[in-house]
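Bear in mind that the values in this text are calculations on the coordinates, not laboratory data. All values derive from a computational prediction rather than experimental measurement. All Cβ positions, even for glycine, are placed from backbone atoms using ideal geometry, and neighbour counts span all protein chains on display.
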Amino acid sequence: MTKRIIAVLVGFVCLTSIGCEEEDLTAPTIELSSPTTDQVFTIDEKILMVGRAADDDALSYFNIESDLGTLDGAEITDFDDPTDFPFNLEICIDPNTPTGNYFLKVIARDVAQNESELTRNIVIE
């Protein structure tokens, strides 16, 4: 009887310790210092994107989307430090881009699939 009670207690302790791991519900943070909202660029300028994506556990995905077209090299899934990803990217504007309002959207996802987005509107003159 005593062995049975000990076995049940050991099993309960094992199950309890496995089930106590907290689920990651916190999305990554994104900071963007450049470009500023509604910043104006000309066709011959480069857009400088400066910021940081961070996560308390680990980033698994980073991307920049835009209605300016496909941004080569903007998708990243391999990080030197998966908890902190500072970025400093130059985006060349296609000389055939019509003047107008455009957006740049930064997306960061962590290993638990929590996702954050930050959109910045810009103007091409």
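The table for this structure:
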{"quantity": "Residues of the stretch 66-81 satisfying the condition of being buried (at least 17 other Cβ atoms within 10 Å of the Cβ) and over 15 Å from E45 (Cα atoms)", "calculated": "S66, L71, A74"}
{"quantity": "Residues (surrounded by 14 or more Cβ atoms within 10 Å (Cβ to Cβ) and either within 15 Å of the chain's Cα centre (by Cα) or over 16 Å from I47 (Cα atoms) (or both)) located in the stretch 82-104", "calculated": "P82, T83, F85, F87, L89, L104"}
{"quantity": "Near pairs, Cβ below 7 angstrom, 6+ apart or cross-chain, from the stretch 104-125 (assigned to a strand (DSSP E or B)) to any residue that is aliphatic (A, V, I, L, M) and surrounded by fewer than 13 Cβ atoms within 10 Å (Cβ to Cβ)", "calculated": "V123/V40"}
{"quantity": "Members of the stretch 75-95 found to be without any contact (Cβ under 8 Å) to a residue 24 or more places away in the chain and in a strand (DSSP E or B), listed by number", "calculated": "I76"}
{"quantity": "Filter result (over 21 Å from L68 (Cα atoms) and either more than 13 Å from the chain's Cα centre (by Cα) or of a type in the set (K, R) (or both)) within the stretch 105-125", "calculated": "R109"}
{"quantity": "Neighbours by Cβ (under 7 Å, 6+ apart or cross-chain): first from the stretch 52-74, assigned to a loop (DSSP other than H, G, I, E, B); second among the small types (G, A, S)", "calculated": "D57/A112"}
